[in-house]
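**Q** My questions will all concern the structure given below.
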Amino acid sequence: MRNSSADDVMMEIEANKPQGNGLIVGGLSPLSETLWKEKTNTEFVGDVSARLAWKDLTVMVTLGNGETQNVLEGLTGYAEPGSFTALMGPSGSGKSTLLDALSGRLAANAFLSGSILLNGRKANLSFGTAAYVTQDDNLIGTLTVRETISYSARLRLPDRMSRSEKRTLVESTIIEMGLQDCADTVIGNWHLRGISGGEKRRVSIAVEILMRPRLLFLDEPTSGLDSASAFFVTQTLRGLSRDGRTVIASIHQPSSEVFELFDRLYLLSGGKTIYFGLASEAYEFFAQAGFPCPALRNPSDHFLRCINSDFDKVKATLKGSMKLRFETNDDPLEKITTTEAIRTLVDSYRTSQYCYLANQKVEEMSKIKGTVLDSGGSQASFFMQAFTLTKRSFVNMSRDFGYYWLRLVIYVVVTVCIGTIYLNVGTGYSSILARGACASFVFGFVTFMSIGGFPSFVEDMKVFQRERLNGHYGVTAFVISNTLSAMPFLIMITFISGTICYFMVHLHPGFLHYLFFVLCLYASVTVVESLMMVVASIVPNFLMGIIIGAGIQGIFMLVSGYFRLPNDIPKPFWRYPMSYISFHFWALQGQYQNDLKGLVFDNQTPDLPKIPGEYILENVFQIDVKRSKWVDLSVLFSMIVTYRIIFLIMIKVNEDVTPWIRGYIARRRMQQKKNGNQNTTVAPYGLTQSPSLRTYVTAGNTTTS
Ligand SMILES: Nc1ncnc2c1ncn2[C@@H]1O[C@H](COP(=O)(O)OP(=O)(O)OP(=O)(O)O)[C@@H](O)[C@H]1O
């Protein structure tokens with residue numbers, strides 16, 4: 001069977017190959033060519049298009065009880081430059097798994113056998129070699145479409161590329177994706193009305209095609225869109241493929257207009273191939289197999305109707321006249337079960353010319369060793385990445401009312417309340433405890449409110465995970481930018497609220513005392529932020545994260561030395577190490593000294609001598625007065641650094657160690673099951689674990705498909 005339309009396209013691309021200056025770049029538009037030239041100093045670049053082939057691909061997953069399940073079984077297929085391949089099948093047929101297997105993103109409990117070849121070589125596609133557009137549009141809601149694409153360009157394009165060149169690339173991408181009309185509209189979030197779902201999807205695609213990747217994977221790019229938006233998105237994808245790119249997308253339920261845009265169709269059911277070939281010939285295949293598409297039925301609906309075994313359950317539950325109507329219908333599908341139809345179609349495909357041609361083509365493709373495509377990840381320097389991320393994050397924080405502005409309002413209100421309650425606290429006998437309680441409330445409850453930023457951290461983490469997996473920037477640049485961008489807001493919030501509190505309560509007078517108080521408040525709030533970032537990297541669900549963060553802070557508060565005096569805190573666990581780990585402990589110790597040292601307080605009765613602050617510190621609050629309060633402050637700052645380092649380590653662990661451990665556990669379970677029950681299916685010979693990042697990327701969405 002000849003692929004006439006794809007061949008025509010290929011000829012067109014061949015004819016358009018730019019030549020000259022000894023440089024030959026295959027199948028690229030002038031813009032794409034610029035990027036590839038930027039990437040290499042070699043005289044001869046060669047054909048950089050991506051030919052992807054997969055042979056006998058089997059994916060087996062281990063379930064919680066150690067049982068195994070084949071999600072994909074012996075799939076063979078290919079995707080060529082200049083063509084748009086659609087993966088279709090009923091829910092649970094393995095579309096996402098095939099896409100994940102091809103892009104190197106399988107879950108840790110999934111094991112892969114067979115081969116995946118990119119340009120005739122074993123493929124290793126993780127971190128940016130291929131672009132992957134996920135189902136969820138994890139974009140920053142406060143940025144406009146143009147800003148989103150521009151920041152992405154600055155994050156990844158080489159530093160030596162001029163600003164005007166970068167701008168040209170951004171503008172051309174906006175035009176390519178048909179986003180001109182909404183270029184200056186914000187993406188939108190919970191309080192900002194933004195662009196439509198279809199436009200969001202196109203922005204997600206625009207960001208991924210900026211670096212002109214040769215291979216583009218998309219997981220259900222049309223899901224949740226109305227038919228017009230779905231058509232527009234699909235047409236854009238087809239347009240992208242015509243630029244010499246290889247585009248593979250899983251599509252759930254395409255309309256007939258959308259279906260007509262597919263070049264090739266990979267139809268799956270229960271992890272088996274039902275059909276692979278030209279989309280336009282699927283109609284003929286189904287007719288040959290005994291399931292012709294009835295007149296007036298959308299072909300894609302018909303194909304999915306034939307292979308969706310859920311229809312058996314629907315038929316079984318239909319009673320009476322409806323059932324009779326089915327049985328008297330001429331449609332062959334109404335006479336047999338879907339399971340039987342699937343079996344017939346799988347067998348028909350295996351013995352068909354389509355299968356024969358696909359195998360032959362894959363054999364051919366595996367013999368030709370083409371260009372090794374390097375990572376399509378960032379080409380910007382570390383400093384450029386860190387600078388751009390800091391700026392982007394700062395802009396987002398300043399525009400998102402819920403990030404810091406709302407907190408500023410609450411902090412001001414709460415500190416005015418504190419100021420009113422402890423107004424001019426003085427140096428009377430009763431003010432000794434009042435000062436202690438005031439400090440405890442400020443460093444306990446006021447810092448606790450920083451937990452309110454957690455939902456925003458979770459959103460940031462989702463964007464980071466998407467961008468990280470597509471190789472946009474490194475972990476260190478993200479951690480540094482995150483720390484720097486929040487700094488001005490935290491300084492503003494803590495200095496404004498700290499100043500209100502300090503002057504209303506009339507704490508120990510003197511500039512250094514004031515400075516210490518606000519610095520201590522700033523450090524404590526930043527420690528809480530850093531702690532919550534660590535929590536966000538472990539528990540990306542915002543409700544669970546807030547509960548865990550609140551729990552940790554509650555425990556820290558208990559051992560701060562206010563609710564139980566330091567010497568009375570039970571040893572060894574609560575006193576050592578818990579009170580030393582608690583930032584409240586250091587903040588309170590420092591502030592008590594800052595406030596009381598040097599002051600003299602009235603005694604219980606006027607005839608008794610006045611009480612020096614040092615005496616109170618040592619005997620009432622059990623504070624070590626020999627230790628400088630600045631030491632306490634330095635400990636708080638070192639905690640910020642420590643938590644940020646833990647945050648960085650946790651991200652690295654999530655990326656590298658967790659999938660490895662999960663894979664190891666899955667193997668162990670499988671082995672144990674095998675030992676306990678010889679009949680259980682176990683990994684066939686040659687099954688290898690795939691490079692795994694899928695759990696990591698989906699963790700934020702609490703789904704694995
Ligand atoms: N890592 C995994 N662990 C356990 N089961 C898995 C795993 N990955 C996939 N599966 C199972 O394999 C089957 C195919 O899943 P997959 O997500 O690939 O289907 P799909 O065709 O993309 O479905 P949908 O259209 O609903 O997203 C499902 O039954 C799913 O539960």
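None of the figures in this text is laboratory data; all of them are computed from the coordinates on show. Quick caveat: nothing in here was measured; it's all calculated off a predicted structure. Reconstructed Cβ throughout: ideal geometry from the backbone, glycine too, with neighbour counts over all protein chains shown.
**Q** Residue by residue through segment 570-579, what is 3J(HN,Hα) from phi via Karplus (6.51 cos²θ - 1.76 cosθ + 1.60, θ = phi - 60°)? Round to whole Hz and write x for glycine and proline.
**A** Calculated HN-Hα couplings, in order: x, 9, x, 5, 6, 7, 10, x, 4, 5 Hz.
**Q** Go through segment 194-199 residue by residue and turn each phi into a ³J(HN,Hα) via Karplus (6.51, -1.76, 1.60, θ = phi - 60°); whole Hz please, and just put x for glycine and proline.
**A** Running phi through 6.51 cos²θ - 1.76 cosθ + 1.60 with θ = phi - 60° gives x, 6, 6, x, x, 5 Hz.
**Q** Rounded, prolate or oblate for segment 46-124? Axes are the square roots of the Cα gyration tensor eigenvalues, ordered a ≥ b ≥ c, and the cut-off for rounded is a/c under 1.5.
**A** Verdict is prolate for segment 46-124.
**Q** Please give, to one decimal in nm, the separation of the simple spin-label points placed at LEU484 and ARG399, each 7 Å out from Cα toward the Cβ.
**A** So the label points at LEU484 and ARG399 sit 2.0 nm apart.
**Q** Say R0 is 22 Å: what FRET efficiency, to the nearest 0.05, do GLN235 and GLU364 get from their beta-carbon distance?
**A** Calculated transfer efficiency: 0.15.
**Q** Let me ask something additional. Could you give the length gained by full extension between SER91 and ASN567, i.e. 0.36 nm per residue of separation minus their alpha carbon distance, to one decimal place?
**A** Contour length minus the Cα-Cα distance gives 165.1 nm.
**Q** Between rounded, prolate and oblate, where does segment 473-624 land on the alpha carbon gyration tensor, with a ≥ b ≥ c its root eigenvalues, rounded for a/c under 1.5, else prolate if a/b exceeds b/c?
**A** It comes out oblate by the Cα gyration axes.
**Q** Cut-off 20 Å, label point 7 angstrom out along Cα-to-Cβ of THR499: give me the residues of segment 447-485 whose amide nitrogen falls inside.
**A** Residues passing the 20 Å test: 447.
**Q** Here's a follow-up. What residues have an amide H closer than 5 Å to that of TYR132, excluding those fewer than 5 places away on the same chain, when H is modeled at 1.01 Å from N in the peptide plane?
**A** PHE217
**Q** Check THR246: other-chain or 5+ apart residues with amide H under 5 Å from its amide H, H built from backbone geometry?
**A** Amide H to amide H, under 5 Å and 5 or more residues apart or across chains, THR246 pairs with ALA50, GLY82, LEU215, LEU216.
**Q** Could you give the length gained by full extension between TYR615 and ALA434, i.e. 0.36 nm per residue of separation minus their alpha carbon distance, to one decimal place?
**A** Stretched out fully, the TYR615 to ALA434 stretch lengthens by 63.5 nm.
**Q** Run the numbers for ILE555 and MET449: contour at 0.36 nm per residue of separation, minus the present Cα-Cα distance, in nm.
**A** 36.6 nm
**Q** Explain nothing, just compute: Karplus ³J(HN,Hα) = 6.51 cos²θ - 1.76 cosθ + 1.60, θ = phi - 60°, for every residue of segment 657-669 in order, whole Hz, x for Gly and Pro.
**A** Taking θ as phi minus 60°, the curve returns 7, 4, x, 5, 5, 4, x, 5, 4, 4, 4, 4, 4 Hz for segment 657-669.
**Q** Still on this structure: Under 5 Å between amide hydrogens, which residues at least 5 positions from PHE601 or on another chain qualify, with H placed 1.01 Å from N in the peptide plane?
**A** Close amide H contacts, sequence-distant or interchain: ILE611, GLY613.
**Q** Can you tell me the order of 494-501, 188-195 when each peptide is scored by its average per-residue count of other Cβ atoms within 10 angstrom, highest first?
**A** 494-501, 188-195
**Q** Something else now. Which FRET efficiency value, to the nearest 0.05, is calculated for LYS122 and GLN672 with the Förster distance at 25 angstrom and r the Cβ-Cβ distance?
**A** According to the calculation, E is roughly 0.20.
**Q** Set the Förster distance to 25 Å, then compute FRET efficiency between ASP607 and ASN424 from the Cβ-Cβ distance, nearest 0.05.
**A** 0.50
**Q** Can you flag which of LYS95/LYS462; LYS200/LYS462; LYS597/LYS626 are past 18 Å Cα-Cα?
**A** LYS95/LYS462
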